[in-house]
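Below is one structure; the comments refer to it alone.
Laboratory data are not the source of any read-out in this text; all were calculated from the coordinates shown. These numbers come from a predicted model, not from an experiment.
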Amino acid sequence: QQRKFRYIGMRVNTFTLRFSTAEGAATYSAGMIGQRADVLGGSYYSGTAVVPADASTILWRGWQCTLDGINSGTTAQARMIDAEVTINREVALVYTANGLQSATASWMGPLEVTARATFDYSADTEMDLFRNKTQGNFAFTLASGASSATGYKALQFSFPKFDWGDGPAEINRSGVHQTLALSGRGLYNRTGSNGPVIINLSNARSNYST
């Protein structure tokens with residue numbers, strides 16, 4: 001038995017998506033900031049037990065990722081092993097002298113988008129992105145089902161202008177093959193799409209783009 005609470009004025013201030021093509025499903029986490037909780041009517045809440053999803057109902061698996069483009073090409077498609085994308089924005093709650101404990105307004109800052117990806121280091125293509133501090137495009141899609149089927153679901157992250165020189169290049173030689181991990185940042189673009197990231201969601205019902 002649990003008490004029922006409602007949190008009002010919630011704003012998402014951080015979102016992280018992670019996946020690995022070698023194992024498991026794509027996962028995400030989100031952080032929110034808002035006002036104090038209100039206790040809803042009724043003393044207690046009795047919920048329905050959540051049954052863990054089996055493999056057939058997992059929305060996206062890591063191996064279902066396809067690299068759509070990197071620096072106007074898809075040469076790294078067979079080499080990207082995993083990736084993590086984080087979207088942050090500062091949220092400020094404003095409290096004023098109105099005799100209430102709740103915030104009267106909230107202000108949101110600009111988006112900050114960073115990503116980290118690991119590649120099979122079998123070519124210098126990705127390392128050159130770091131060496132040259134390349135600011136090209138970067139896009140990948142997680143898709144489940146055939147695009148023409150009813151149950152098709154797809155999530156695309158597209159960065160029109162992405163800088164791969166945001167952090168150090170890390171080469172791992174501990175295994176039988178080498179891997180290269182790069183960190184980058186989505187930049188605001190003066191032409192075309194001005195934002196640092198475009199997210200497209202397609203499912204069986206409708207399409208969403210933001």
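A compact table of results
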read-out	value
Amide proton proximity set for Asp68, modelled H, under 5 Å, gap of 5+	Ala139, Phe140, Thr141
Whole-Hz couplings from phi, Karplus 6.51/-1.76/1.60, listed for the range 99-115; x for Gly and Pro	x, 10, 8, 8, 5, 8, 7, 9, 10, 10, x, x, 6, 10, 10, 10, 8
Per-residue HN-Hα couplings for the range 19-36 [Karplus 6.51, -1.76, 1.60; θ = phi - 60°; Hz; x = Gly/Pro]	7, 10, 6, 8, 7, x, 8, 5, 10, 9, 9, 9, x, 9, 9, x, 9, 5
Other-chain or far-sequence residues with amide H under 5 Å of Trp60's (modelled H)	Ala26
Cα convex hull volume per residue for the range 96-179 (Å³)	251 Å³
